[in-house]
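Derivation of every value follows stated rules applied to the coordinates shown; laboratory data play no part. Please read these numbers as outputs of a predicted model, since none were measured by experiment. With ideal geometry, Cβ positions are generated from the backbone for all residues, glycine too; neighbour counts draw on all protein chains shown.
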Amino acid sequence: MADMEEQWGRRGGWWRYGPPWPGRWDEERLGRWPWRSTVLLTAFVLVGSGFAAHAQEGERAALDPFARVLLVVAAGALLWRQRFPVPVVFGNAVAVAVYLGAGYPYGPVLLTVAVACFSAIVAGHRRAAWAALGMLWAAHVLVAHWLYQWLPPSGDAPAAWTQEIVTATWVVAIVALSELARTRREQWARERAERAQAARRRADEERLRIARELHDVLAHSISVINVQAGVGLALLDSDPEQARTALTTIKDASKEALGEVRQVLDTLRTPGDAPRTPAPGLDRLPELVEQAASAGLTVTVEGESPRLPPGTDLAAFRIVQEALTNVVRHSGSRHARVHLDQTGGALRLRIDDDGPATGADAGGSGNGLAGMRERAAALGGTIEAGPRPDGGFRVLATLPLTRKDDDR
């Protein structure tokens with residue numbers, strides 16, 4: 001919220017970005033009555049019309065109780081302009097038309113027409129506002145050039161057509177300003193919706209990233225713990241020394257898992273700071289081989305990893321880690337091969353096992369494979385996973401050494 005307000009204030013304020021809090025105007029419009037502005041406007045209209053009557057004495061009819069009632073109706077109806085903009089704009093136009101048709105002086109009463117029309121157009125009722133203004137102008141033309149003979153003040157002459165041009169210009173100005181305000185308001189609403197959608201998308205991406213990281217951190221270590229726990233239970237009586245070794249492996253794996261989870265949580269608590277420890281990469285591949293060996297899986301590594309960007313290095317490490325975890329959990333093979341190769345500006349990772357699968361989830365569960373695919377896709381790479389023709393399972397990952405975004 002603070003970043004949004006800072007950005008809003010730095011780039012131009014209301015006129016460009018609208019209110020900084022989404023929906024604030026809508027909530028105020030629906031939840032509050034514009035008492036203060038309506039009372040002030042009504043007082044201004046009554047007082048200003050008194051001065052206008054004094055200035056137009058002899059030209060227009062003097063204000064009487066009926067005229068003041070019309071002024072109060074025209075201004076007081078604006079109290080409902082936000083809840084019922086269409087009835088208000090038509091009611092205001094009728095009250096002002098009767099006021100002017102009765103020969104009362106021009107003055108601040110026309111301001112109420114502008115406010116009513118503005119509220120209706122901004123609320124999206126453009127045709128109603130145009131119709132009300134057109135009706136008011138037609139009534140004014142009719143009175144000023146024909147009905148004036150039978151209406152007060154007596155002896156009045158027809159109005160000059162130049163006056164109608166001024167009136168038409170005034171109407172066009174009201175409509176233009178109102179349409180501009182409506183356009184800006186719709187633009188603000190679109191920008192608020194886009195910012196909210198972008199924020200939700202960033203939150204979803206961050207949630208998926210955290211889920212992948214926790215899954216990759218925990219799945220491997222817990223698989224090792226599960227295998228070694230089974231070994232320890234089986235050998236507890238017959239081979240206590242081997243059981244002790246299994247328990248030591250469980251302790252080391254759980255300690256490592258706890259450290260990596262703590263690292264993830266530290267990153268979440270301080271999102272603006274750099275991680276306290278570097279993210280794992282293929283330089284820690286020997287650790288994965290050692291952990292897999294403690295779980296009874298012999299891993300052969302072929303090829304050497306090139307120098308990788310941190311994001312690609314982390315993704316490659318997690319993919320190998322998840323693939324080996326799936327071999328431990330879902331394959332009957334006790335041997336796996338990891339092949340690393342740099343071809344055409346991309347890193348190719350191939351993890352093979354000889355099978356057979358020991359359950360329905362051959363090659364791994366949906367979460368693990370989905371996490372690998374998401375990591376590769378985020379870098380512009382691909383993941384292919386499936387059974388090999390000669391038996392076993394293969395995971396083939398292709399990760400570009402440079403992201404497309406970096407080439408621009």
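Averaged over residues, the count of other Cβ atoms within 10 Å places the peptides 339-350, 391-402, 191-202 in the sequence 391-402, 339-350, 191-202, highest first.
Where does each of 68-79, 292-303 land if you order them by average Cβ count within 10 Å, highest first? Kindly include the intermediate steps, with their values, before the conclusion.
Numbers: 68-79: 20.2, 292-303: 16.6.
Final packing ranking: 68-79, 292-303.
The packing ranking of peptides 179-186, 118-125, highest mean first, is 118-125, 179-186, where packing means the average number of other beta carbon atoms within 10 angstrom of each residue. Summarising the amide proton neighbourhood of His335: residues at separation of 5 or more, or on other chains, whose placed amide H is nearer than 5 Å comprise Thr298, Asp354.
Where the convex hull is taken over the Cα atoms of segment 282-408, what is its projected area averaged over directions, in nm²? About 7.3 nm², averaged over all directions. Annotation: amide H-H contacts under 5 Å for Gly303 (H modelled 1.01 Å from N, sequence separation of 5 or more, or interchain): Leu340. Overall, the anisotropy analysis places segment 297-340 in the oblate class: the square-rooted eigenvalues a ≥ b ≥ c of its C-alpha gyration tensor yield a/c not less than 1.5, with a/b not exceeding b/c.
For segment 85-95, putting each phi into the Karplus relation 6.51 cos²θ - 1.76 cosθ + 1.60 with θ = phi - 60° gives couplings of x, 5, x, 5, 5, 6, x, 5, 4, 5, 4 Hz, in residue order, rounded to whole numbers and with x for Gly and Pro.
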